[in-house]
1. For the range 211-219, indicate whether the set of residues that are of a type outside the set (Gly, Ala, Ser) and assigned to a loop (DSSP other than H, G, I, E, B) is non-empty.
2. Give Glu243, Glu272, Glu214 a once-over and let me know the one that is under 25 Å from the mean Cα position of the chain (by Cα) and of a type in the set (D, E, K, R).
3. Filter the range 335-349 down to residues that are surrounded by 19 or more Cβ atoms within 10 Å (Cβ to Cβ) and at pLDDT 85 or above, then give me how many there are.
4. Among the residues of the range 264-318 satisfying the criterion of being modelled with pLDDT of 85 or more and in contact with a helix residue (DSSP H, G or I) (Cβ under 7 Å, 6 or more places away or on another chain), which is most open to solvent (accessible area, probe 1.4 Å)?
5. Of the residues His352, His320, which single one is at negative phi and assigned to a loop (DSSP other than H, G, I, E, B)?
6. Among the basic types (Lys, Arg) and assigned to a loop (DSSP other than H, G, I, E, B) - does that describe any residue in the range 197-208?
7. Residues that are under 26 Å from Gln253 (Cα atoms) and open to solvent by 60 Å² or more (accessible area, probe 1.4 Å): list the helices (runs of 4 or more DSSP H) wholly contained in the range 1-119 that include at least 2 such residues.
8. Which members of the range 399-421 meet the condition of being touching a helix residue (DSSP H, G or I) at 6+ places or on another chain (Cβ under 7 Å), modelled with pLDDT of 80 or more and closer than 17 Å to Phe290 by Cα?
Amino acid sequence: MNIREELENEKTIIFVDTNVWLNIYHYSPQFSNFALNCLLKVKDYLFIPATVYQEFEFGHKQAKKSLENRIKNVGRPVSNGIAKTQNLILNSCNILKRYEFPEADDITKRLTEKIEEMNNIFDEYLERLKDCEFEIYAWNDKDLLEEFIDNLLEINHVLPALSQKEIYEWSREAEKRFKNKQPPGFEDDKKKTGIQKYNDFFLWKEILRYAKNEKKNVIFVTDDVKADWWETTQTQERKFRSELYTEFNKTGQSVNPITCNEFYKEVAQVYETDIPDTVEIVLSMKDDMFYEKVSDDISYRIWDDLAYCGMDYIDESTAHIGTEGVEEIEVTECSFVSANRIDRDENDIIYHFIYEVTVEGVSYDYWGRDEDTREVITSPGTDHVFKGPVTVEVVRHMDIFQDMDSDVDYESTEIIDGDLKEVDYQNRYEEDEGLQY
C-alpha cells in the first residue's frame, strides 16, 4: 500500500484509534515527536470518531500526568542503586574495622569519596536534564498533541457526538454480538463496565456509517491487537478478522487496517520524513525478535509450574486415570510453538505464548485398607503420557525512554490455559505374577 497515492486520489481517509493517540504519551520524547510529525503529514485526511474523541478527552490528562511523574522520577532508580551500593560498601568496611584490618580507615575514606563522586556525576546529569526541551511535551496549559486534536475539531474532522438513541440501540446490538463472540469489542465485555465496554463497537459503527455515507475507503490505524479485532492464521500471521472485512464490504468501500508502527514507517517513507536512528530501531523492531529472545527462558520458568499444577490442564474425561488420581507428574517436553501480542495497557504489553507440552505421570486405583495397619492399599499404578498446547500470558514492561528496545525483558509469566490429552497409557505388571491390572 502506498498511503500517499491512496490519500491523494481523494477517495480514502484515515481513522486513528484512541490507543494510538494515547500511546504517544508513553513513548520516548524523540519517538513521540516523530509520531506527531507523521500525523501532521496526513492531517488533512485524518478524522476522529466521536467515541475516540471522548476517550481521548477522558484519558489524555491522566496519561500526560503519568508521563510527567515518570520524567520527574527518572533518576530515582539510579539514586537508589547508588545508595544501596553505599550501604553495602560501608557495612563491609565496618567489618574490616571491627577486625582491625590494616588501613581500614583509609580504604573507607577513599571508597566514600568515590561514592560521593558518583552521586555528583548523576546530580549534574539530572540538572542538565531539567533544562532539556522535550518538544512533544509543552508543559503549559496544552501540549502539542492536545492542540493537534483541537485543530482537527476546529476543521470539522471530529465526527458528531452520538445521540442517546444511538447509544441505546447500539448498546443492545453490541450485547447480542458479544454473546456470540462477534467482533469487535467482545474482549472488553468483562474488562470494562457500563457503556465503556461497548466503545470498540461504537467506534466500528461510526467508521462503517461514515464510509458508506461519504463513499470513502478507510485506513484504520490501531494498536489494539486483541482477538476481537485480529485473528491468527495457520502460519502464525496476524490478520484482520474476516467477519469485519465482510461487514465493511457491505458499505461498498474498502478498509485497510494497520498498526501504528507500520503506519508511521509508511508515512515517513512516502512523505520523506527524517527518521532518527533510535526511531529506526524501534520501527524495525519485530515482536518475533522478542519471541526468539525469551521463549526458551519462559519454557524453563513454567516447567516447575506445570509439574505442580499440570493436573489443572489435563482432560480427564478421555483419560484412563485411576481413582486416586495422578501423582508424580513430570514434564518431559516443553516446545515453543508461537506467540502473539494480545493487548497493551500503557507501558505494559501483553503476549500469549503457546507451547506444546508433554507431561508424564502415574495414577493408582484404590484397593482398600490393610486390616492391621489401616494403610491405604493401591494398585501397582498406570503410567500416562499427556500432550497438548499450553498458553502462557507474558507481560512485558516498556520504559518510555527505551521504547521497543530489544534488550527489554518481561515482567511476569502465568499459565492461563491448557489442553493436555492422554496419548498413551500402560498398566504396570506384578513381577511375581505377571498380571496386568
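The values are calculated or read from the model by the stated rules, or taken from the named source; none is laboratory data. Everything numeric here is computed off the predicted structure, so don't read it as measured data. Cβ: placed from backbone, ideal geometry, glycine included. Neighbour counts: every protein chain shown. Please note that ligands, DNA and RNA were not included when accessible areas were found on the heavy atoms of the full protein model with its side chains. Shrake-Rupley method; radii C 1.70, N 1.55, O 1.52, S 1.80 Å.
1. Just the residues of the range 211-219 that are of a type outside the set (Gly, Ala, Ser), to begin with: 212-219.
Add one more test, that the residue is assigned to a loop (DSSP other than H, G, I, E, B), and what stays is 215-216.
Checked the range 211-219: at least one residue is of a type outside the set (Gly, Ala, Ser) and assigned to a loop (DSSP other than H, G, I, E, B).
2. Numbers: Glu272 fails: under 25 Å from the mean Cα position of the chain (by Cα); Glu214 fails: under 25 Å from the mean Cα position of the chain (by Cα).
None of the others qualify; the one that does is Glu243.
3. So the answer is 1.
4. It comes out as Lys265.
5. So the residue among His352, His320 that is at negative phi and assigned to a loop (DSSP other than H, G, I, E, B) is His320.
6. Looking only at the range 197-208, we keep the residues that are among the basic types (Lys, Arg), and these are 197, 205.
With the extra rule that they be assigned to a loop (DSSP other than H, G, I, E, B), the set shrinks to none.
Within the range 197-208 (the criterion being among the basic types (Lys, Arg) and assigned to a loop (DSSP other than H, G, I, E, B)), the answer is no, since none of the residues qualifies.
7. Numbers: elements: 3-8, 18-23, 29-41, 50-72, 76-98.
Fully inside the range 1-119 and qualifying: 3-8, 29-41.
8. The one that is touching a helix residue (DSSP H, G or I) at 6+ places or on another chain (Cβ under 7 Å), modelled with pLDDT of 80 or more and closer than 17 Å to Phe290 by Cα: Thr413.
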